[in-house]
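Some notes on the structure that comes next.
The values are calculated or read from the model by the stated rules, or taken from the named source; none is laboratory data. All values derive from a computational prediction rather than experimental measurement. For neighbour counting, all protein chains shown are included, and Cβ atoms are generated from backbone atoms with ideal geometry for every residue, glycine included.
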Amino acid sequence: MDRTVDAAGLAATNLPVGDLSIWGLFVEADLVVKIVIIGLLIASVWVWAVIFEKWSSLRRVNKQAEAFEDRFWSGGSLEELYDQEGVRPAHPEAAVFAAAMGEWRRTARVAGVDLNLTGVRERVDRAITVTVNREMDRLERWMTFLASVGATAPFIGLFGTVWGIMHSFSAIAAMHNTNLAVVAPGIAEALFATAIGLVAAIPAVLAYNKISTDLARFASRLEGFGTEFSAILSRQSEERT
């Protein structure tokens, strides 16, 4: 009797164990789990592409803003600066300058218009506000995607895990064997989906928080420049009158 039990135990311990490598877990996973994993991997690659694009864009526009502000505050002619960069603004701060300066110049060309009127200043301020919002909308593109991945990827991975575990339990019930060598591969395949979900979500959340802070800082920079330039135009209007 003891020999029978020992033989059964030895046979159980010698049951083949599935491939627990990353590739093996993917290949042996259920079709639904595979679809979840592939979707999460695509989302993860997309997340990193968005992160790189936002990092390079913010780095570029800040450098352009610094160079433009150096020229703006150098004491040169605003008319010349507008002719050089205002006609076709290549970055957000130049666009804000062009919108305000263009509105002010169009008003100045109208005969008999008092540039010191409140309505003129309001139009300039409105042009600045609209331009700042438009430029920030461009910079904030794909931020919703980062937020969505960060919020939903863990739950999508969890769905794959639950589905995989259900599939594994069904297979275990059909085999009438609860040995660890039988249970482990299916559970590992299911948990792999959750791991991929976290791999996609964690960078998305961290990047969203960091990029959102940088975007808010740049928006404040644009608004501050617009406010200062509006005040300059207001002073020039008063001097002309």
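Test residue 50 against the criterion of being closer than 15 Å to residue 135 by Cα, in contact with a helix residue (DSSP H, G or I) (Cβ under 8 Å, 6 or more places away or on another chain) and of a type outside the set (S, T, N, Q), and give yes or no. Judged against the criteria, residue 50 is not a match.
Note on the range 67-107: among residues that are acidic (Asp, Glu) and surrounded by 12 or more Cβ atoms within 10 Å (Cβ to Cβ), the one that is nearest to residue 200 (Cα to Cα) is 93. Of all residues in the range 162-175, those that are closer than 11 Å to residue 189 by Cα and at pLDDT below 80 have Cβ atoms under 9 Å from Cβ atoms of residues that are small (Gly, Ala, Ser) and not in a helix (DSSP H, G or I), 6 or more apart or on another chain, in 167/29.
Looking at 141, 134, which is the one that is closer than 30 Å to residue 105 by Cα and among the basic types (Lys, Arg)? Testing whether each residue is closer than 30 Å to residue 105 by Cα and among the basic types (Lys, Arg) leaves just 134.
Got at least one residue in the range 219-231 being among the aromatic types (Phe, Trp, Tyr) and farther than 20 Å from residue 97 by Cβ? No, that holds for no residue.
Considered as a group, the residues in the range 132-160 that are β-branched (Val, Ile, Thr) and without any contact (Cβ under 8 Å) to a residue 60 or more places away in the chain include one that is surrounded by the fewest Cβ atoms within 10 Å (Cβ to Cβ), and that residue is 144. Within the range 182-217, the set of residues being crowded, with 21+ Cβ neighbours inside 10 Å and over 16 Å from residue 33 (Cα atoms) comprises 201, 204, 207, 208, 211. Checking 109, 126, 134 one by one, the residue that is within 24 Å of residue 59 (Cβ to Cβ) and either of a type in the set (D, E, K, R) or modelled with pLDDT under 75 (or both) is 134 and no other.
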